[in-house]
Amino acid sequence: MGRRSYHHGRLREALLAAARALISERGLAGFTLAEAAKRVGVTGAAPYRHFADRDALVAALAQDGFTHFNQLLGRAWDGGKPDPVAALRRRGEAYLAFAREEPGLYRAMFGDAGLLRHPSDRARAAFDEQVRTTVEVLRFFHAPERDAETLAVQIWAMSHGVADLMLSGHFETPDEASKILGSGVAALVEGAMRKALGIASVIPAS
C-alpha cells in the first residue's frame, strides 16, 4: 500500500478511526501506534504529530466515546418520562446497545484503569448524570436521597459487568443481556428501598 497524504486534521481523525477498529477487532492491548499508522497508510512517525504515544491516542478515543455515550444515554433518559423507573430501564438498554455497537469506543473508555482513576470531564459528566437519574428514581419512591451515589455506583457496576459478559459472548442474544441487566438493577433499587424503609435484608451486609 502506498503512503497517503492527509490534511492535518484529517490524519488525527483517521488515526482515531483506525484505533477504534483495531480495539474492536483485537481488544485494548491488541494494537500499537505503528499499527494504527499502517492501517491508515502513513509512516510510523506521522501519528506523533497528534499523539505523544499510544496511551494518548486511547485517551482521545475515550473522550470521543464518552461524548457519544452521554448523548445516547441522555436521549434514552428523555427527561425521566413517563416515569423515572421506565426511563432508567431505557438507559440500561442504551448502555448495552452502545457497548454492543461501539466495542472499540467502549473498551477505550473503560479498559484503562489509569483513565478511570483520573476521569476526564466527559467521564465525570457521565457519572454525575448517573447520580442525577438515580436521585430521580429515589424521589419517585419518596425515598431519601442520601444513598443516591452508592446506588448509582452499584447500577453502573451492574451495567458494566453485564456489558462485559455480553461482549465476551456469554449471552446468546442481546435480549438475554437486557433481561439480566433489568432484573439486576431492579433488585438493586428494591434493596435501596428496603434500606430506606428500615426493612432488614435477608443477606446481612458485610
Under a Gaussian network model of the chain whose springs join Cα atoms within less than 10 Å, the largest fluctuation of ALA123, ALA45, ALA87 belongs to ALA45
Expressed in angstrom and ordered largest first, the alpha-carbon extents of the chain along the principal axes are 68, 35, 34
Dividing the helical contributions, -39500 (n - 2.57) per DSSP H run of n ≥ 4, by the residues of the chain yields a 222 nm value, nearest 500 deg cm²/dmol, of -23500 deg cm²/dmol
Across SER168, SER120, SER183, the residue with the highest GNM fluctuation in the chain (Cα network, 10 Å cutoff) is SER168
Taking 0.36 nm per residue of separation between ASP147 and ALA86 and subtracting their Cα-Cα distance, the length gained on full extension comes to 19.9 nm
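Where in the chain are the helices, taken as whole DSSP H runs, whose Cα atoms extend 15 angstrom or more along the long axis and whose Kyte-Doolittle mean reaches at least -0.5? Don't jump to the answer; show the numbers that get you there.
Working: long enough: 8-26 (27 Å, -0.04); 54-77 (34 Å, 0.08); 84-101 (25 Å, -0.26); 121-140 (28 Å, -0.47); 148-167 (28 Å, 0.94); 174-197 (34 Å, 0.33).
Flagged H segments are 8-26, 54-77, 84-101, 121-140, 148-167, 174-197.
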Restricting to aspartates and glutamates and to Cα separations under 20 Å from LYS195, and discarding same-chain partners fewer than 8 apart, the set is GLU136, GLU145, ASP147, GLU149
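Give me the Kirkwood hydrodynamic radius of region 1-99 in Å, from all C-alpha pairs, to one decimal place? It would help to have the intermediate numbers written out before the result.
On the way: mean 1/r = 0.0659 Å⁻¹.
It is 15.2 Å.
Determine the sum of side-chain charges near ALA56: Lys and Arg each +1, Asp and Glu each -1, restricted to other residues whose C-beta is under 14 angstrom from that of ALA56.
Details: positive: ARG12, ARG49, ARG54; negative: ASP53, ASP55, ASP64, ASP112.
With Lys, Arg at +1 and Asp, Glu at -1, the neighbours total -1.
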Neighbour-count ranking for HIS160, HIS118 (other C-beta within 10 angstrom, fewest to most) reads HIS118, HIS160
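Rule-based calculations on the coordinates, nothing more; no lab input. Remember, predicted model here, so these are calculated numbers, not experimental data. Don't worry about glycine lacking a Cβ; one is built from the backbone with ideal geometry, like all the others, and counts go over all protein chains shown.
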